[in-house]
Structure formats: C-alpha cells, structure tokens
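**Q** I'd like to ask some things about the structure below.
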Amino acid sequence: MKRDLLLFACFLLFIMSAPQFFAGGYLMNVLVFVGINTMLAIALNLLLGYAGQISLGHAGFFGMGAYLSGIMTTTYSLNPWIAMPVAAVVVGCLAGLIGLPILKLKGHYLAMATLGLGIILFIVFNETVDLTGGPSGLSGIPNIEFAGIVFDSDVKNYYLIWGVTLVVMLFSLNLASSRIGRALRAVHDSEVAAQVLGVNARILKVQIFALSAVISSLAGSLYAHTMTFISPASFGFNFSIELLTMVVIGGLGSIYGSFLGAALLTLLPEFLRGANDYDIIIYGALLMVMVMYMPGGLVRGFPDLFRKIFKKKAESGHA
Amino acid sequence: MQFDQILQYTLSGLSTGAIYALIGIGFSIIYNATGIINFAQGEFVMLGGLLTLSCLELLQLPLWAAIPCSVAVATVVGVLFERLAIRPLRQPTPINLVIITIGGSILIRGLAMLVWGKDTHAIPPFSGDDPIAIGGATILPQHLWILAITLIIIVVNKIYFYHTISGKAMRACSYNRRAAGLVGIDVKRMVLFSFIISSAMGAIAGIIVAPLTMTAYDVGVMLGLKGFCAAIIGGMSSGISTVVGGLILGVLESLGAGLISSGYKDAIAFIILLLLLFIRPQGLFGKADSERV
Amino acid sequence: MNFKIISVASLLVTMLFAATVFAAAPIRIGALFAVTGPAAFLGEPERNSAKMVIDEINKAGGVKGRKLELIAYDTTGDATKAVQLATKLIKDDKVVAIIGPSTTGETMAVIPVAEKEQVPLISCSAGSKITDPVKKWVFKTAQNDALAVGKIYEYLQKTKQTTVSILTVSDGFGASGREQLKIQAAKYGITVVSDDTYGPKDTDMTAQLTKIRGTHSQAIICWGTNPGPAVIAKNARQLGIKTPLFMSHGVSSKKFIELAGEAAEGIKLPSGKVVVADQLASTDKQKKSLMAFVKDYQIHYKAEGDHFGGHAWDAVMLIKNAVESGADAATAIRDQLEKTKSFAGIGGSFNYSPQDHAGLGKDAFVLVEVKNKDWAIVK
C-alpha cells in the first residue's frame, strides 16, 4: 500500500511539474489531450481490463458527455459546473439501462452490440441538427470558470484536466485494489465461479459499465469546454478503436498502463508527422504486433522483455 | 402510397441485401470454423473491387479473366492474414482476436490506400447498364448478376458443406473443435480453409457490386458491418438463414429510407441488430444456444 | 543541464546571426489541410496547389527578395487535430498566417485559436458562418454555399420551375447546402417539396429517388461530394427519372463525369470557373489566373486542377500580395488582407473590407452542364 502511494505521489509530481518544461509551446496543448485520453482509457480499462467486458462504442458516451454539456451551456446558457454533473448523471443512467440487456452478451456479440450502439449514437449526433448543429458542429461553448479564473489557455486547462484525471486515477486505483476490484477480476476469470462465491456478476458488470460511461462523459464535457467547439466526427467508430488501442497497448488491467497507452497514442502522430500517409499502416501494424508479442501491454511487456534478454544473456554466458 | 413505389423499394432492398448476405456468409464460415469474428472481412470486399480495377486497367485483362485473378489475389491475402496474424497468436481470447482482426483491417485498408490512392474508382458493368422494367419498377442487369451469383454461391456452399469430405470436416469443427480433432480432422487446416473460402467470397461480393456502387479503399468498413448484421440476423449460419437475414436487412433499410427517414436509415439497421441481440441472440431462425447468452 | 544551456545559447546566437546577417529570412506560412480522411478530396488538391504556387513564387525570386516557406500539416479532417496543429503552427513554427483548414467544422474549431493568438487565418472552406459575423483575424477564399444555391435557384426561376426535391449528404458539406437550399427557396418563389439525405458511404440511393419520383417535383437538387452524387446519377438513370437533376459545386471535377459515365450527361451544376477556363471570354478578369493555374497544375501533378485547389492558390496569392505591399508580420498582413481590392483569383474576384471577409460576389460561380463527357457553360 505504501509503495502504491509513493508511486502515485511520484506520478503526481511528474504530471504537475510538466508545465515547467513545456509551457508556452505547442506540446502543452498535446499534453492537455493526453489528459483527456488518459481519462477515457482508464474508463475503458475498468470495463475491459478489470471486468473483461469489451466495448467498441465508448466514443459514443464521450460524445454524449460533450454534446450534453455543450448544448446545456450554449442553447440553455447553463453554467458548466451544473451542465457537467447533469450530463454525467444522464449518461450514467442511460448506460445502466442499456447495460442491463447488452452485458448479457459475451465476447464477439458484446463487441458487435456496443459497436452498433456507438454507431447509433453517432448517427443521432449527426441527424438531430436542431439540437447538435449536425455535421457542421456546435460552436461557442464557454470555457470553465472557477473563482474568477477562466480556463482558456493551455496551461490553465492542463491543470484543470490533469486535476480531474488524477482524481479519476486515484479513484480507479483504489477501486482496483478494493473488494469490488477483486470481485471484478473474479468475473473476468470466470463468471460462474464468481457467482458461486457470492458475487452478483450481472449487477456488478452493469455498475462498472455505467461508471465507465460516467467517466467518459466527464471527459467529454471537459473536452467540449476546452475545445469550445465540437462536431460528430470526433466521436465516431474510429475513435472507439483508438481508445481500445490505447488500453491494449498500455496494458489491460493497469491504470498506469492506460496513461502510457494514451500518452503514446496521442504523442505518436507528432513523431509520425514526417511519415505522412503511412501512419495508418504503422497504427494497424502496432495494434497487431502488440497483441501478438506483448499481450500484457507496455506495462508488463517491457519488464518481461528485459527478463527474457537477461535470461538469454545469462544462458549464453554459461555456455 | 403507390404499389410501384413499394415494389421499387423492395427490389432495391433485395439487391443490396444480396450483397450483405454474401459478406455475412463469409463472416459465418470463419466464425463456425474458428469462433472468430473476422473484423477484416469487409476489407476483402474492398480488395475484390480494387484488384479487378487493376487487372482491367493496368494488366488490360478482359473481365472474365480479371475476376478470377483478383479473387485469387484476395484469397492469397486471406491466407497470409491467417498465417501471419491468427495462427501465431499465443493467447487467442475473444478480446485478443477482436483486436487483432481490427488491427488487420486497418493495416489492409492502409496498404490499399497507398496502392490505389484515395480516389473512388468505377468499374464497367458486366453486361451493359440499360434498365430492365419489372412491373412499375426498374433494375439493372448488374442486379441480376448479383442475385444470380449469390444464388450460385449458396448452392455451391451447400454442396461443399454437405457432400464433400472437407466440407463435412469443417462442419464437424463448427460443432465441436476438440471432438473434431479427436476423430482425426486437422483443425488448423480447416481454419485455413475457412479463411480461404470467406476471403474469396468477400472478394466476389466486392467485384459484383463495384459496377453499381463504385469502389475505394474505405468501402469495406460499412459493408463489413452490414454483412455482420446479416449474419447475426441469420444466427451465424453459413447457409440460407444468413441469406434471408441479408435480404431482410436490405429490404428494411430500403423501406426505412423511403418511408420513414433517409437520415436514420443506418440507425435502423443497427437498432434491429441490437434488438435482435437482446431478444433472440440465436438469430431469427435459430434454436437457443447457451454460448451466446 | 549544461548541455541544455549550451544548446539554447547556440540556438539564440544562430537566430541572432540569422536575423542580422540574412535579413531576408523566409516568411513562414502555415497550412492545415485534410490530406487524408473523408475530406481528402479537398485537402489533397489544396495542399498540392499551395505547394505548387509557393514553389513557383520562390523560383521567380520570392517576394521582395524574401522566400516564402510553406509548413503544411494534415488534419485528417479531425477538428481536435486541426486545433492542435494550429497551435503548433503558431507557437512552434511561428508562422505569420495560416491557410485552411479544409472543412467548415475544422475552421470553426480553429477560429478561437487564431483570434486569441492574433494570427490571420484564410480558410479554404465554404460555410458562410465562418465570416458571418465578421471576425477580425478570419478570412476565407472558398465561395459561400449560399452563392452556389443562389445560382441554381436563379436558373430555376428563369426557367419558371417552382418545385424542387432536395437530396443532401449527411456530412458538413451536405448539411450546409441543405440549410441554404431551404432558407433561400422562398426568395426565388420555390417550394422544397421533399427533403431527404443519404450517408457519405451509402451505395444505393434508389429508395430516396423513388420517393422523390413520387412527389412529381420539377427539379431534383443533390448536394454532396464524390462518390455519392455519381451513384445518384446512375440510380436516377436506372429509375428512368426524367426530372432535371442539379448537383453542387462539390462534384465539379472530371472525376464525377468519369464515375457517373453516361448518367452524367445533361446534369447541371454551379461551378467555379476553373473547369471551363478555356471557354471563358478573353475579357474575363479571372481568365489569366485560371489558365496559369490549370497549366501549372498539369505540369506539376499531371492532373486537372480543380477549384478546391484554387482556394489554396487564392489564399497563397492573397498573402503574397499583402507581403508585396510591405507587410511581413501577422498584424500587418491582416491589415493588408482587409484592403484587398479586385484581386482576380481562381474562386472569383476578391474584394475584402472591414465588413466583408468573404469577398466574393455571385459572379464567382457559373452554371455548367455535362455535355459529351465535358463541361459546357449554360448560357
């Protein structure tokens, strides 16, 4: 427990000191999005990594959070501080309702059902032009204000978003090591066995699905208030896949892994910019290679790799 | 509402549905032999169309030669995919398989974008494009080709699965892989076979629709998803119920676009998918199967 | 740490050196285009044209002895990326002006950044809300959708047709067209009798067209970009629809005729003058620019230049003109841009003013018809 706390404290220090080095530059802006993506990756990881339930529709919840927040603050001129929790509650309830039937499905069927859900939500964002502005997007969303500070610059947004992200991380870390976390892992390994041990797997799955949707919605609201403009294109099927990639690359069932995955995938385009059109290929290949050769993700993959190399060296040393 | 309008919606729906059915059967064949939902299935549809384009324009082949050539190349891609990505997988859990086939589809699409560019391409119809009138509605000769080829494929499938040794062996795999292995069936070879058949079928589907819908590196995504819906409605069978599933989906979409709202047309398909998964995950015609619920 | 100080110091020295000795450092112009993704049909010709014209300018010795440097990024049509890259252009690359983005959605997302950082933005997208209301730092070169719609409605009014069916694609381009088609109808005494949409990836539109056939409207207007409109043209031919079919400027390239084949014949659409450059009267003010653009594009890329590329061409030329009149920093360039008068570009003749940052009139479009697999001006 102490070690965990120390690790988190180090991480906190690392995150909070970043602006010292990058403030003023463009990288600051990218780091804001690393924060949002970390939140989303953690949300999906709780579902996928801990409870073992796949979702290919999380961009939909992210989008709902963004749109609900955006619509409430523009069309109905509500304060973001009211809009964000309202959006989160609405998305959570909806996810709970849909989760009841959807989480009865398994494996591929669950993947397909959540994918369908994501696409339906995307079509709704596109078609309800009077509410969402349709494909041309919704603009003029206000920045968040707190105690007279308007969060309208990269550095301010960085602290705001990472503040929330760190809370979400701490919460998720605690959840993972709590009774619920253990129950979730039991469900992951064998639902039947979990049931026998007195875990209500069905309710637990729905709860974690709703929680995951709530975190995604929160990330969506923050995204809307940071960007001040949203359009359906940001919440499509491709983004759901990108989130999945983050979680898989970082490592299923590891909260810090989600950060690594989110950071890597958000920063990767910056390094691949010279590669022009090739980045989509690198992206697909990376996904396959990770699953094939590093199924534990970066978090577990690298230590494994080191151990292997050392072992080999030791062996060859003996020979 | 006039009769000929409804007739036209139905006919359009049936011809679109036949395509969904072909793609859907491709999904089911692999699923039944391996338990994998191949998210890259739609990419073979794209490959079929674009490879035919290259055969026609670059190699100057006549159409009758271009079609088998491109089906062959697409099949080779299917084999490579199975060999390089599916077989070496150390932990073939459903989640890993979903992710790896998604990765594969992104990769194939990206390579296709490099080879053929981002433009949309047209392929000439097999036999002219003078509309044929049926009642008050019209269809194109290409629609007849689609329906005919779909029919032929279903018949060939039926013969293969029920009247040849390897077809029966593949069915045995789909019932119980371990048992099939115990009676001496080479399960790995059957998996490879299933990839061969379904990538060839995907490519054929891609070729016969290309003259109507045109083709580009990214046509596979939506067609693949629709094909999967068809397979789900048909209860993942590799026979007639998936075909009916595809046709139902096509007709409902067409009627939905014509009578309800064209904007929500795709949503209709996916709402049907969700409802079906909730209420009858075994498909419209299937018997209950505990694995999926 | 030492290393860092040294590197920063050497960088500073280099910069100082560069600034004093080479007073003629290149002027950096940023560009954001959707080169990949669903809007690639816009972004690719735009990037190509911008590169081409900057190369040509530099080959001719630059502007007032200074070279122009283009820093172009691919937004993939994603608003989030567009915002990030706009920040990158301004903060890291220190550009004096930004060309693009390609789509209205991305532009709307980037506007707050440009306004806040005070860098002129010359958008290549068509949405009228980009410059309405006028924003201090935002200009655009693409013709408003409203002008294209007006062109079609004018023709319908002239030929005394009063009922139309509209079929628009469900993306930003189609949504903007749909809005304008509905708003402007009354002004021309036209009634929209049916309003349908189709998805950007749809492969069969016979259902929508069958419905439209049932309404017996006098004209069908379809708003979309390839390949949808080509499918619609083919479907309409299949259904034997004889109602005149109008398309948008989104398909005014040879690609559309190639895709739709026979079915394209007789279709009319508003287009930038670039596709009919050789048919224009020699008195046309734009003719010189247009012919130069078409010729250069053919030489550089062995392809037909289209009016999307023209938007980027215009944007670069506008900046070049501003630099020529003495501006080389963001604020001065903005002020000069606003003073642009009768600049005959590809998209039309531009007249910016403090009240108008779109700068184009109705003459930016001509109505063209597909005849014998080519474009012909409708008189």
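**Q** Using θ = phi - 60° and the Karplus relation 6.51 cos²θ - 1.76 cosθ + 1.60, list the HN-Hα couplings for region C:124-141 in order, rounded to whole Hz, with x at every Gly or Pro.
**A** 9, 10, 8, x, 6, 6, 5, 10, 10, x, 5, 10, 3, 9, 10, 10, 8, 10
**Q** C:ILE27: net charge of surrounding residues, Cβ under 10 Å, Lys/Arg +1, Asp/Glu -1, itself excluded? Don't jump to the answer; show the numbers that get you there.
**A** Working: positive: C:ARG28, C:LYS64, C:ARG66, C:LYS67, C:LYS320; negative: C:GLU69, C:ASP328.
Charge balance near C:ILE27 sits at +3.
**Q** For the protein assembly as shown, take the alpha-carbon Rg, divide it by the Kirkwood Rh, and send me Rg/Rh.
**A** Numbers: Rg = 28.8 Å, Rh = 29.8 Å.
A ratio of 0.97.
**Q** Whole Å is fine, so just give me how far the alpha carbon centre of region C:145-188 lies from that of region C:234-299.
**A** 18
**Q** What residues qualify as long-range amide H neighbours of C:ALA25, i.e. H under 5 Å apart, gap of 5 or more or another chain, H built at 1.01 Å from N?
**A** none
**Q** From the phi of every residue in region B:173-183, what ³J(HN,Hα) in whole Hz does the Karplus formula 6.51 cos²θ - 1.76 cosθ + 1.60 yield, where θ is phi - 60° and glycine or proline is x?
**A** Those phi angles translate into 4, 5, 6, 7, 5, 5, 4, 4, x, 5, 7 Hz.
**Q** Got a sec? How would A:HIS188, A:HIS108, A:HIS58, B:HIS163 order by Cβ neighbour count within 10 Å, fewest to most? Walk me through the intermediate numbers first.
**A** Values: A:HIS188 18, A:HIS108 25, A:HIS58 30, B:HIS163 9.
Ascending Cβ contact count within 10 Å gives the list B:HIS163, A:HIS188, A:HIS108, A:HIS58.
**Q** Explain nothing, just the number: relative contact order of chain A, from Cα pairs under 8 Å at least 6 residues apart, as a whole percent.
**A** 32
**Q** Shifting gears a bit: What is the Å³ per residue value for the convex hull set by the Cα atoms of region A:2-235? All intermediate terms of the calculation are to be shown ahead of the outcome.
**A** Working: hull volume 30.4 nm³, N = 234.
Cα convex hull per residue, to the nearest whole number: 130 Å³.
**Q** So, one more: For region B:150-222, compute the orientation-averaged projected area of the C-alpha convex hull (one quarter of its surface), in nm². Don't skip to the end; give the middle numbers.
**A** On the way: hull surface 24.3 nm².
Seen from a random direction, the Cα hull of region B:150-222 projects 6.1 nm² on average.
**Q** Could you give the DSSP H helices of chain A that reach 18 angstrom or more along their long axis (alpha carbon positions) and whose average Kyte-Doolittle hydropathy is no lower than 0.5? Please list the in-between numbers first.
**A** Numbers: long enough: A:2-22 (30 Å, 1.32); A:27-45 (26 Å, 1.86); A:58-74 (24 Å, 0.76); A:80-102 (32 Å, 2.02); A:107-127 (30 Å, 1.46); A:154-176 (31 Å, 1.17); A:201-227 (38 Å, 1.11); A:237-250 (20 Å, 1.69); A:255-272 (26 Å, 1.54); A:279-293 (20 Å, 2.03); A:297-318 (31 Å, -0.54).
Flagged H segments are A:2-22, A:27-45, A:58-74, A:80-102, A:107-127, A:154-176, A:201-227, A:237-250, A:255-272, A:279-293.
**Q** Next question. Taking just the alpha-carbon atoms of chain C, what radius of gyration and Dmax come out, in angstrom?
**A** Spelled out, the Cα radius of gyration and Dmax of chain C are 22.0, 80 Å.
**Q** Using θ = phi - 60° and the Karplus curve 6.51 cos²θ - 1.76 cosθ + 1.60, what whole-Hz ³J(HN,Hα) does each residue of region C:142-148 get, with Gly and Pro shown as x?
**A** Per residue, the Karplus-derived 3J(HN,Hα) values read 6, 5, 4, 4, 4, 5, 5 Hz.
**Q** Let me ask another. Whose amide H sits under 5 Å from the amide H of C:GLY361, counting only residues 5 or more places off or on another chain, with H placed in the peptide plane?
**A** Excluding prolines and chain starts, which carry no amide H, the hits are C:SER349.
**Q** Rounded to two decimal places and with Rh computed the Kirkwood way over Cα pairs, what is Rg over Rh for chain B? Numbers along the way, then the final one.
**A** On the way: Rg = 18.8 Å, Rh = 19.5 Å.
A ratio of 0.97.
**Q** How much mean residue ellipticity at 222 nm does the protein assembly as shown get from its helices, if each DSSP H run of length 4 or more adds -39500 (n - 2.57) and you divide by all residues, to the nearest 500 deg cm²/dmol?
**A** Values: 37 runs with 609 residues, N = 991.
Here the helix-only value at 222 nm equals -20500 deg cm²/dmol.
**Q** Using alpha carbons only, what's the Rg to Rh ratio of region A:82-207 with Rh from Kirkwood? Please report the intermediate quantities before stating the final value.
**A** Working: Rg = 19.2 Å, Rh = 18.1 Å.
Taking Rh as the inverse mean 1/r over Cα pairs, Rg/Rh reads 1.06.
**Q** Related question: Please compare each pair in C:LYS129/C:LYS373; A:LYS308/B:LYS188; C:LYS51/C:LYS88; C:LYS81/C:LYS362; C:LYS151/C:LYS287; C:LYS295/C:LYS373 to a cut-off of 24 Å on the Cα-Cα distance and tell me which ones are over it.
**A** Values: C:LYS129/C:LYS373 35 Å; A:LYS308/B:LYS188 29 Å; C:LYS51/C:LYS88 19 Å; C:LYS81/C:LYS362 33 Å; C:LYS151/C:LYS287 20 Å; C:LYS295/C:LYS373 21 Å.
As for pairs spanning more than 24 Å Cα to Cα, those are C:LYS129/C:LYS373; A:LYS308/B:LYS188; C:LYS81/C:LYS362.
**Q** How many angstrom separate the Cα center of region B:179-205 from the Cα center of region A:228-263?
**A** 34
**Q** Hey, another quick one. Counting other beta carbons within 10 Å of each Cβ, put A:CYS93, A:CYS10 in order, fewest first. Could you put the intermediate results ahead of the total?
**A** Values: A:CYS93 13, A:CYS10 10.
The order, fewest Cβ neighbours first, is A:CYS10, A:CYS93.
**Q** Now for a separate question. Which net charge results for the neighbourhood of A:ILE203, defined as the other residues with beta-carbon distances under 13 angstrom from its beta-carbon, given Lys and Arg at +1 and Asp and Glu at -1? Write out the running numbers ahead of the final one.
**A** Working: positive: A:LYS104, A:ARG202, A:LYS205; negative: A:GLU191.
In short, +2.
**Q** How crowded by other chains is C:227-238, given as the mean number of beta carbons from other chains within 10 Å of each beta carbon? Provide the component values of the computation, followed by the final result.
**A** Details: counts 9, 2, 0, 4, 4, 0, 0, 9, 4, 0, 5, 13.
The per-residue average across the peptide is 4.
**Q** Measure out, as a whole number of angstrom, how far apart the alpha-carbon centroids of region A:1-76 and region B:206-241 sit.
**A** That distance is 36 Å.
**Q** About the Cα centre, and with charges only on the beta carbon of Lys, Arg (+1) and Asp, Glu (-1), how big is the dipole of region A:2-235? Nearest 20 debye, please.
**A** Values: 10 positive and 8 negative charges, 175 e Å.
The dipole magnitude comes to about 840 debye.
**Q** With a cut-off of at most 15 other beta carbons within 10 Å, and DSSP calling the residue loop, which GluC sites (Glu not before Pro) in region C:297-379 qualify? Please list them. Let's see the in-between values first.
**A** Details: sites: C:GLU304, C:GLU324, C:GLU338, C:GLU369; in loops: C:GLU304.
Listed in order of number, the matching sites are C:GLU304.
Quick note: the coordinates plus some simple rules give every number you see, no bench work behind them. Note that the structure is predicted; figures quoted are calculated from it, not measured. Glycine gets a Cβ as well: all are built from the backbone with ideal geometry, and neighbour counts include every protein chain shown.
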